[in-house]
Each structure stands twice: as structure tokens, then as C-alpha cells.
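**Student:** First the structure, which I've put down as C-alpha cells, then a few questions once you've had a look.
Values quoted throughout were computed directly from the atomic coordinates according to the rules given, and no laboratory measurement underlies them. This is a predicted model, so every value here is computed, not measured. Backbone-built Cβ (ideal geometry, glycine too); neighbour counts: all protein chains shown.
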Amino acid sequence: MKATETLLKDCYILEPTIYKDDRGYFFESYNKNTFDKLINQNVNFVQDNEAFSKKGALRGLHFQKDKHAQAKLVRVTQGVVIDVAVDLRPKSKTFLKHIAIELSADNKKQLFVPRGFAHGYIVLSETAVFNYKCDNWYNKASEGGLIYNDLDLNINWQLKPEEFIISEKDKILPTVKELFK
């Protein structure tokens, strides 16, 4: 497995070593020892989640607050998404910067999103299955988020807004200015 730090400090793209032969392929999607060594952190994942979504489904931008903050290791096992991470750590050199990368069943890339980041994705294929590990338990009272179309973030979701499928909850999330006033 190879890890590449993104322009956002502590946020990594992980690419597995894939072994192919006449039968198909094999790869190790997660190994705690290898993972911790590659990102130079000790992360203990406690929960795995999976979401099935249709084309245009935009989920995010979400985070958990304070002691319930979560780091995530995300990947796509069917389909294609644009995955977005936004650094919300005020003392970080990359505060309010974001990355957007394509994750797909074909490229098998994963993204490690550390605590203190907002995260979201949009489905580009007809359907997608999105999987993620979290290092802290979900806590409804600690939910937070940013509006997906915040002009200060200027995220390119790669689809037209009329193609978006967004939950009512995600349509009313605050802007960066509202969150950090």
C-alpha cells in the first residue's frame, strides 16, 4: 500500500497494492499496522458504515464536534464519487482549504480524513456504494456541517446543481462565515 499526503496536512490518499492473475484480483484494503505506519498515527477504528446512493446524491459536508470528532477512512466499492474533505482546524496552515478527489471501485483509492475536517461526496455514476471506517462513535447531538455550495469554499462537485439530490437537513447547513463567527 502507498500513502500520499494531500495538500491538507494529515489527510492522505491511500492506494493498495493489487495482485492480479487469471482469476481476478486480490488486495488488502486495510491493515492496522501498515496503515498506522503509513500515516504516522495510531488510529483505532470502532465503526464501519456503508451507504448506497443514486447519481447526484450529495451527502455532506458533515463532521462530528468536540470529543465526538471522527477520523474516517473512506472508499467506494461500487461506482464513482467525488469525495471532498475541508480542513476546519483553525490553527492549521490549511484551515478552510479543501481537496476533491475521485474515488471509485476501479481505482480502489481510499482517503483518510482526520478529525477536525468536514467531509462529503457526490455520486457521479448511476449508483455507488460508499464505505467508511470511523475512529469514534457517532453522536447525534454532536452533528455539524457546512452548506455544500458555500461560495467561500467554491467546491466543484462536477455535476449541475439541478442534478443534485440533497437531504432537507443538508440544504440548511451553515456557511463557513456562519460557523466561525
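**Student:** Have a look at Val46, Val74, Val81 and point out the one that is buried (at least 23 other Cβ atoms within 10 Å of the Cβ) and either within 22 Å of Asn107 (Cβ to Cβ) or over 13 Å from the mean Cα position of the chain (by Cα) (or both).
**Tutor:** Val81
**Student:** Quick check: anything in region 86-100 more than 26 Å from Glu15 (Cα to Cα) and in contact with an Asp or Glu (Cβ under 8 Å, 6 or more places away or on another chain)?
**Tutor:** No, because not a single residue in region 86-100 is more than 26 Å from Glu15 (Cα to Cα) and in contact with an Asp or Glu (Cβ under 8 Å, 6 or more places away or on another chain).
**Student:** Out of the strands (runs of 3 or more DSSP E) lying entirely within region 1-70, which hold 1 or more residues that are more than 22 Å from Ile99 (Cα to Cα) and in contact (Cβ under 8 Å) with a residue 12 or more places away in the chain?
**Tutor:** Answer list for region 1-70: 47-54.
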